[in-house]
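What follows is a short report on a single structure.
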Amino acid sequence: MTAGFAVVGNEQLLITLVDNFGSHLLGNVCESLLTLDSKGQVKPMLADKWEMSPDGKTYTFYLHKGVQFQEGWGELTAEDVKYTVERLINEKTSPNPHAGPIRALIASIQVVDPYKVVFNLKTPSWAFMTLINHMDPLPGASITSKKYVESVGDAKAAQHPIGTGPWRLVEYQRAATISLRQ
């Protein structure tokens with residue numbers, strides 16, 4: 001794939017930082033729980049289905065089974081979802097401009113089993129689904145492998161993000177080259 005970007009040199013590949021360029025790149029490498037189709041309707045991505053409680057304060061996501069992270073980093077689990085979102089909203093370490101609004105919404109994240117994750121909100125919010133999923137114009141939480149980030153560290157994970165998406169990062173040289181391959 002060859003693509004031109006006007007902001008090469010300013011890009012951020014950190015999973016926790018969402019800039020416009022990084023979101024488009026990571027949207028090809030990493031996926032979120034849900035996305036929008038061409039008609040603007042919510043559709044599954046990493047989650048098979050989801051439920052919202054009657055009071056609008058609890059969202060339960062049921063993950064696709066068998067989804068693999070690139071480069072052999074294992075199967076996607078609810079632990080990866082929790083880990084990614086907790087890093088995204090970490091007040092001390094996340095530079096993400098959406099971290100504050102997301103953090104203000106989430107009371108807790110519960111892993112029920114390897115394929116079921118529950119988000120408990122402080123109050124009902126129409127914005128929650130948009131903020132944590134790939135729904136333009138916001139890129140959402142690009143789910144990454146907890147095992148990968150904890151094994152290689154933040155610096156390497158920022159330079160070489162891996163995910164479950166259709167493309168994988170082959171080469172990245174800031175302000176020069178980004179190569180993706182299917």
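The values are calculated or read from the model by the stated rules, or taken from the named source; none is laboratory data. Quick caveat, the model's predicted, so the values are computed rather than measured. For neighbour counting, all protein chains shown are included, and Cβ atoms are generated from backbone atoms with ideal geometry for every residue, glycine included. Just the protein is used for accessible areas: all its heavy atoms, side chains included, with ligands, DNA and RNA removed. Shrake-Rupley method; radii C 1.70, N 1.55, O 1.52, S 1.80 Å.
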remark   = Filtering segment 110-128 down to residues that are over 18 Å from residue 64 (Cα atoms) and surrounded by fewer than 17 Cβ atoms within 10 Å (Cβ to Cβ) yields 120, 122, 123, 124, 126, 127
query = Which of (1) closer than 22 Å to residue 149 by Cα; (2) modelled with pLDDT of 85 or more is the odd one out, the single condition residue 94 does not satisfy?
reply = (2)
Filter pass, residue 88 being hydrophobic (A, V, I, L, M, F, W, C) and either under 20 Å from residue 46 (Cα atoms) or within 13 Å of the chain's Cα centre (by Cα) (or both) = yes
remark   = Restricting attention to segment 150-173, the residues that are surrounded by 12 or more Cβ atoms within 10 Å (Cβ to Cβ) and of a type in the set (Ser, Thr, Tyr) number exactly 2
Filtered residues of segment 51-76 (kept if buried (at least 16 other Cβ atoms within 10 Å of the Cβ) and either touching a Cys at 6+ places or on another chain (Cβ under 7 Å) or among the hydroxyl-bearing types (Ser, Thr, Tyr) (or both)) = 58, 59, 60, 62
request  = Scan segment 8-31 for residues that are open to solvent by less than 30 Å² (accessible area, probe 1.4 Å) and at pLDDT 80 or above and jot them down.
outcome  = 30
ask   = Inside segment 32-50, can you point out the residues that are under 15 Å from residue 128 (Cβ atoms), in contact with a Phe, Trp or Tyr (Cβ under 7 Å, 6 or more places away or on another chain) and open to solvent by 40 Å² or more (accessible area, probe 1.4 Å)?
value = 50
ask   = Mind checking which residues of segment 130-149 are open to solvent by 70 Å² or more (accessible area, probe 1.4 Å) and at pLDDT 70 or above?
value = 147
